[in-house]
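Below is one structure, written out as structure tokens, with a few remarks after it.
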Amino acid sequence: MSNPSPLIAAIEAGGTKFVCAVGTGPDDLRDIARIPTTTPGETLAEVDRYLSMAQSKHGPFAAIGVGSFGPVDLDKASKTYGCITTTPKPGWQSVGVVNRLQSRYQVPVAFDTDVNAAVLGESLWGAGKNTDPLVYITVGTGVGGGVLVHGQLLHGILHPEIGHLMVPAPQHSKAVHDICHCPFHKNCVEGYVSGAALAARWGVRADTFSNDHPAWQETAKVMAHALANITLTLCPRRIILGGGVMQQPHILPLIRKSLAKVLNGYFKVPEMDQSLDHFIVPPGLNGHSGILGALALGDRALKKSMLGETC
Ligand code: ADP
Ligand code: ZN
């Protein structure tokens with residue numbers, strides 16, 4: 001008989017909430033809880049409380065996986081490895097997540113961005129199975145993206161920062177406050193189409209826009225330019241679009257149409273058929289891409305540590 005899969009603790013650290021869970025995979029998520037993101041002291045103490053409770057209820061976990069909002073330091077040679085770094089979120093700059101968990105639980109701790117976790121989860125169990133390279137983009141309060149290439153999550157001088165890809169400014173916009181809302185850039189995708197930017201540009205929240213609101217055509221065009229650049233650079237086999245703003249059923253078809261126009265027939269490959277239905281897709285894990293990806297990160301860290309590698 002084979003050994004049962006080891007129990008993993010997973011944390012999806014978000015700007016509005018932390019999702020914590022324990023389990024062994026998508027069919028065995030034994031416990032899941034949501035903790036509001038307030039101050040680091042308060043939130044991380046709640047996470048500790050949850051993990052202690054989960055441990056006494058379900059038994060010890062063999063590893064912990066964390067997918068975090070960023071930017072984060074993923075360079076293992078750096079003194080600030082495992083920290084959230086320059087986030088504008090008050091109080092969260094330079095907060096160390098990994099050390100705290102490692103010293104408390106004495107198990108391997110994996111750390112990556114929330115969106116890299118999500119792309120990993122989707123590649124294993126969701127809309128990106130056997131599809132590599134794979135990109136996952138969330139359009140929520142902000143815009144972020146994770147990238148998986150040859151089975152590995154992409155890191156470099158930092159991690160991918162897809163939300164800040166430069167795009168052409170919307171032409172003849174009817175937005176009430178027609179500027180890019182990124183504090184760093186004049187023309188980036190997050191500054192135009194994140195949930196926060198849409199609310200600021202159009203004066204009302206995106207979830208209240210009617211289906212024929214002009215913001216949707218504009219959002220589709222901005223997204224299409226970002227997706228064209230990603231496609232031309234990384235040649236992904238699929239791009240998954242998640243996050244609150246992408247919940248609108250009509251937005252994906254608009255984005256596909258706009259992307260086809262921007263690429264103008266350049267890619268003649270089976271993955272990119274006329275409709276782009278299989279190229280631009282919604283997530284397959286029903287809101288659990290990030291937390292399941294964090295679980296997979298923990299599992300990978302455990303396997304590495306068993307091989308004697310550092311996680
Ligand atoms: P977060 O990015 O904070 O993790 P979400 O991915 O849920 O959370 O994104 C929240 C943003 O998405 C908000 O700006 C909200 O207005 C927007 N949003 C949520 N639901 C919808 C919807 N059905 N249509 C359009 N926008 C939405
Ligand atoms: Zn920007």
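The values are calculated or read from the model by the stated rules, or taken from the named source; none is laboratory data. Since the structure is predicted, the reported quantities are computational estimates derived from the model, not experimental observations. Neighbour counts are summed over all protein chains in view; Cβ atoms, including those assigned to glycine, are modelled from backbone coordinates with ideal geometry. Areas reflect the complete protein model, heavy atoms only, side chains present, ligands, DNA and RNA absent. Shrake-Rupley method; radii C 1.70, N 1.55, O 1.52, S 1.80 Å.
Brief remarks on what is shown
- Selection status of residue 99, more than 15 Å from residue 18 (Cα to Cα), open to solvent by less than 10 Å² (accessible area, probe 1.4 Å) and outside any loop (DSSP other than H, G, I, E, B): no
- Of all residues in the stretch 137-158, those satisfying the criterion of being open to solvent by 20 Å² or more (accessible area, probe 1.4 Å) and closer than 30 Å to residue 205 by Cβ are 138, 141, 142.
- If the condition is being open to solvent by 70 Å² or more (accessible area, probe 1.4 Å) and either assigned to a helix (DSSP H, G or I) or touching a residue at least 24 places away in the same chain (Cβ under 8 Å) (or both), then the stretch 283-311 contributes 300, 303, 304, 306, 310.
- Some residue of the stretch 250-270 being in contact (Cβ under 8 Å) with a residue 60 or more places away in the chain and on the phi > 0 side of the Ramachandran plot: no
- Scan of the stretch 188-218 for residues that are over 19 Å from the mean Cα position of the chain (by Cα) and among the β-branched types (Val, Ile, Thr), ordered by number: 204, 208
- Matching residues, the stretch 210-223, being open to solvent by less than 30 Å² (accessible area, probe 1.4 Å) and not small (Gly, Ala, Ser): 216, 218, 219, 222, 223
- None of 81, 50, 105 is closer than 26 Å to residue 148 by Cβ and either touching a residue at least 60 places away in the same chain (Cβ under 8 Å) or not assigned by TED's automatic domain parsing to the domain that holds residue 154 (or both) except 81.
- Residues located in the stretch 173-209, provided they are within 11 Å of ligand 1 (Cβ to nearest atom), part of a loop (DSSP other than H, G, I, E, B) and either of a type in the set (Phe, Trp, Tyr) or open to solvent by 10 Å² or more (accessible area, probe 1.4 Å) (or both): 204, 205, 209
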